[in-house]
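The values are calculated or read from the model by the stated rules, or taken from the named source; none is laboratory data. Since we're looking at a predicted model, the values are computed, not measured. Neighbour counts are summed over all protein chains in view; Cβ atoms, including those assigned to glycine, are modelled from backbone coordinates with ideal geometry. Calculation scope for accessible area: heavy atoms of the full protein, side chains included, ligands and nucleic acids excluded. Shrake-Rupley method; radii C 1.70, N 1.55, O 1.52, S 1.80 Å.
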Amino acid sequence: VIFYSDHGGNLPWTKREVLERGTHIPFIVKFPYGRHSGTVNHDLISAVDFAPTTLSLAGISIPKHLQGKAFLGSQAAPQKNTYVFAARDRMDEHPERVRAVFDGRFRYIFNFFPELPKYQDLAYRSRMGSMQEILELRTQGKVTNPHLLDWFQIPKPQEELYHTASDPDEIQNLANDPAFSVKKAELKKVLFDWMDRVGDLGATPE
């Protein structure tokens, strides 16, 4: 039995984000007869790994065209993921283009449309009571939390870099900090190489 979930969408700045709070989901595998019970896997795993892993567990050959790699079963890849990637091309009815890469300690984000705010006025979300209250407080000038204010900022930074080990909420952007320039350059190259490798079509006109 494999259990996993969607992302929670009833609070702002969670679902639809390429940050940890928008990409980290529960994932539980129950093997027959209690095998592996109580064990925890801390490997970097992406949702594109689910399909090849399911085929591997079922003893079915994994087609070569599938992205991702099996992390369980007879066809489990010998080499673990060094990085995992995330992409967003819309926020519900609003076009967007954001790409991200995570190495387990640092997350790098590239915003292709920095002229857009992180916040998008989504019809579905705007009906939620919590969102309505936040927007009303913002209209009244009563939103004082700097991180929530950053969510409404225009423009947003083109590049973001977060050290998730020391900043799990990913609110301290280190992209312009010279002390992290090498890490930023590494992750940026990895991200754009990945986009080339998978044939990213985000820039294709509609």
Exercise. What per residue convex hull volume, in Å³, do the alpha-carbon atoms of the stretch 64-173 yield?
Worked result: 157 Å³
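Give the calculated FRET efficiency between residue 37 and residue 75 to the nearest 0.05, with a Förster radius of 22 Å applied to their Cβ-Cβ distance. Please list the in-between numbers first.
Details: r = 23 Å, r/R0 = 1.03.
Step by step, r from the Cβ atoms, then E = 0.45.
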For this session: Round to the nearest 10 and give me the degree value, 0 to 90, for the angle of helix 129-139's Cα axis relative to the longest principal axis of the chain.
Result: 40 degrees
For this session: Compare the Cα positions of 175, 29, 59 along the charge dipole of the chain (+1 at Cβ of Lys, Arg; -1 at Cβ of Asp, Glu; about the Cα centre) and return the one farthest towards the positive end.
Result: 59
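Would you list 144, 82, 164 from the most to the least accessible area, probe 1.4 Å? Mind showing how you got there, number by number?
On the way: 144 110, 82 80, 164 25 Å².
Ranking 144, 82, 164 by accessible area, largest first, yields 144, 82, 164.
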For this session: Quickly estimate the mean residue ellipticity at 222 nm for the chain, helices only: each DSSP H run with n ≥ 4 gives -39500 (n - 2.57), and the total goes over all residues, rounded to 500.
Result: -6500 deg cm²/dmol
Exercise. Looking at the stretch 100-206, how many pairs of lysines come closer than 28 Å at the Cα, when each pair is eight or more places apart or spans two chains?
Worked result: 11
Exercise. Where nothing but the Cβ of Lys and Arg (+1) and of Asp and Glu (-1) is charged, how large is the charge dipole of the stretch 82-206 around its Cα centre, in debye to the nearest 20?
Worked result: 120 debye
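Using a 1.4 Å probe, what is the accessible area per residue for the stretch 86-155, in Å²? Before the final figure, lay out the partial values.
Numbers: 3630 Å² over 70 residues.
Ligands and nucleic acids excluded, the figure is 52 Å² per residue.
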Problem set entry | Order of exposure, largest accessible area first, which applies to 2, 25, 154 with probe 1.4 Å | 154, 2, 25
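What is the diffusion coefficient of the stretch 121-198 in µm²/s, taking the Kirkwood radius over Cα pairs and the Stokes-Einstein relation at 25 °C with a viscosity of 0.890 mPa s? Each step should come with its number before you reach the end.
Numbers: Rh = 15.3 Å.
The estimated diffusion coefficient comes to 160 µm²/s.
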Seminar exercise, completed: Nearest 10, in degrees from 0 to 90: the angle of helix 181-198 to the longest Cα principal axis of the chain is 60 degrees
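Quick one: compute the contact order of the chain, relative version, from alpha carbon pairs under 8 angstrom and 6+ residues apart, as a percent.
Working: 272 pairs, mean separation 33.7, N = 206.
Relative contact order of the chain: 16 percent.
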Problem set entry | Candidate lysines - alpha carbon under 17 Å from residue 80, same-chain residues fewer than 8 apart omitted | 69
Problem set entry | Chain lengthening between residue 90 and residue 192 when straightened (0.36 nm per residue, less Cα-Cα) | 34.8 nm
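Ordering 11, 44, 19, 57 by accessible area with a probe of 1.4 Å, largest first, what comes out? Walk me through the intermediate numbers first.
Working: 11 110, 44 35, 19 10, 57 70 Å².
The residues order as 11, 57, 44, 19, largest area first.
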For this session: Grab every C-alpha pair in the chain, bin the distances at 5 angstrom width from 0 up to the longest one, and report whole percents.
Result: 1, 6, 12, 17, 17, 16, 12, 9, 6, 3, 1, 0
For this session: With r as the distance between the Cβ atoms of residue 138 and residue 25 and R0 = 25 Å, compute the FRET efficiency 1/(1 + (r/R0)^6) and round to 0.05.
Result: 0.30
